[in-house]
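Note sheet for the following structure.
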Amino acid sequence: MRKVLVLTGDGINSENELALAFSRQGASVTKVHVNLLLSQPSMLRSYDLLALPGGFSFGDEIRSGKILAEKMREVLSSALADFRARDGRIIGICNGFQVLAQLGVFDDGERSFTLAENDHRTFIDKWTKLSVTDNRSPWFQNLTGDLFLPIRHREGRIVARGELNPVLSYEENVNGSKDRMAGVTDRSGNVLGLMPHPEVACFSFLHPFKDGAEENAAKVTRLFINGLA
């Protein structure tokens with residue numbers, strides 16, 4: 001049984017939905033407060049997957065994800081490196097993606113991109129259509145075509161100065177993100193960051209449409225199945 005650590009506390013607010021998405025697929029899920037993980041970095045050795053949910057960690061002071069990223073960099077750098085070296089999976093959603101981007105985990109510490117304010121400078125909250133652009137990552141095995149997922153962010157525009165590994169793209173240019181990118185992985189494919197929220201789209205009754213809701217929910221669920229494979 002795969003063991004999943006879902007980070008919580010200090011402004012994170014989507015931990016329950018993310019924990020449920022993994023536990024429904026048979027994972028052993030533990031929600032761990034940020035402070036506990038920072039005080040005991042070695043606990044990562046007991047887990048196969050680290051999940052950083054959405055929310056507003058530390059109230060988005062300075063910029064979204066910045067403070068939590070710096071805390072993690074100071075204390076968890078070695079533990080995270082060991083975790084990744086043994087093929088540990090990581091997923092960061094929305095604010096979690098912002099944290100991972102600030103940490104530079106997608107390009108071995110050399111930050112080649114950031115998540116900036118949307119080009120329209122407003123918070124966006126709606127369901128949107130996305131395309132799977134690369135299914136070589138373990139997270140996207142057997143996933144092709146389109147997905148419909150909710151987005152809710154003000155700082156989700158990917159601004160890059162180097163090459164990325166995009167896996168999801170917006171059909172509509174909702175925030176000015178480079179090449180309409182909505183999600184990327186690191187070179188190994190094990191680390192996934194995305195702005196849309198798949199954890200709240202695993203049940204068809206939550207979808208704002210009827211036609212195709214069951215199929216879409218099944219495809220979204222496949223993302224979590226893959227993450228645990």
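The values are calculated or read from the model by the stated rules, or taken from the named source; none is laboratory data. Since the structure is predicted, the reported quantities are computational estimates derived from the model, not experimental observations. Counting neighbours? That spans all protein chains shown, and the Cβs are built from the backbone with ideal geometry, glycine included.
Among the residues of the stretch 156-165, are any small (Gly, Ala, Ser), free of Cβ contacts under 8 Å to residues at least 60 places away in the same chain, surrounded by fewer than 19 Cβ atoms within 10 Å (Cβ to Cβ) and at positive phi? No, that holds for no residue. Listed by position, the strands (runs of 3 or more DSSP E) contained in the stretch 124-229 that have at least 3 residues being hydrophobic (A, V, I, L, M, F, W, C) are 124-132, 146-153, 157-160, 181-185, 191-194.
Look at the stretch 102-140 and say how many of its residues are over 15 Å from the mean Cα position of the chain (by Cα), crowded, with 17+ Cβ neighbours inside 10 Å, closer than 22 Å to LEU68 by Cβ and not hydrophobic (A, V, I, L, M, F, W, C). Of the residues in that region, 3 qualify.
Residues in the stretch 180-189: is at least one β-branched (Val, Ile, Thr) and over 16 Å from the mean Cα position of the chain (by Cα)? Talk me through it step by step, then tell me what you get.
First, the residues of the stretch 180-189 that are β-branched (Val, Ile, Thr): 184-185.
Adding the requirement that they be over 16 Å from the mean Cα position of the chain (by Cα) leaves none.
Checked against the condition, which is being β-branched (Val, Ile, Thr) and over 16 Å from the mean Cα position of the chain (by Cα), the stretch 180-189 yields no hits at all.
Before we move on, is ILE151 surrounded by fewer than 23 Cβ atoms within 10 Å (Cβ to Cβ) and either under 25 Å from TYR47 (Cβ atoms) or among the hydroxyl-bearing types (Ser, Thr, Tyr) (or both)? No, not satisfied. In this structure, LEU76 does not qualify as under 18 Å from MET195 (Cα atoms), at pLDDT below 95 and assigned to a helix (DSSP H, G or I).
Do we have SER188 as free of Cβ contacts under 8 Å to residues at least 60 places away in the same chain and either more than 24 Å from THR122 (Cβ to Cβ) or in contact with a helix residue (DSSP H, G or I) (Cβ under 6 Å, 6 or more places away or on another chain) (or both) here?
Working: free of Cβ contacts under 8 Å to residues at least 60 places away in the same chain: no; either more than 24 Å from THR122 (Cβ to Cβ) or in contact with a helix residue (DSSP H, G or I) (Cβ under 6 Å, 6 or more places away or on another chain) (or both): yes.
So SER188 fails the test.
Filtered by the rule that a residue be free of Cβ contacts under 8 Å to residues at least 40 places away in the same chain, more than 18 Å from the chain's Cα centre (by Cα) and part of a helix (DSSP H, G or I), the stretch 13-56 gives ASN35, LEU36, LEU37, LEU38, SER39, PRO41, SER42, MET43, ARG45. Residue under question is LEU76, and the condition is that it be surrounded by 15 or more Cβ atoms within 10 Å (Cβ to Cβ), aliphatic (A, V, I, L, M) and under 16 Å from the mean Cα position of the chain (by Cα); does it hold? Against the criterion (surrounded by 15 or more Cβ atoms within 10 Å (Cβ to Cβ), aliphatic (A, V, I, L, M) and under 16 Å from the mean Cα position of the chain (by Cα)), LEU76 does not qualify. If the condition is being surrounded by fewer than 18 Cβ atoms within 10 Å (Cβ to Cβ), part of a helix (DSSP H, G or I) and either of a type in the set (S, T, N, Q) or in contact (Cβ under 8 Å) with a residue 12 or more places away in the chain (or both), then the stretch 82-101 contributes only ASP82. Of all residues in the stretch 129-185, those that are modelled with pLDDT of 95 or more, in contact with a helix residue (DSSP H, G or I) (Cβ under 6 Å, 6 or more places away or on another chain) and small (Gly, Ala, Ser) total 1. The lone criterion from (1) assigned to a helix (DSSP H, G or I); (2) at pLDDT below 95 left unmet by SER64 is number (1).
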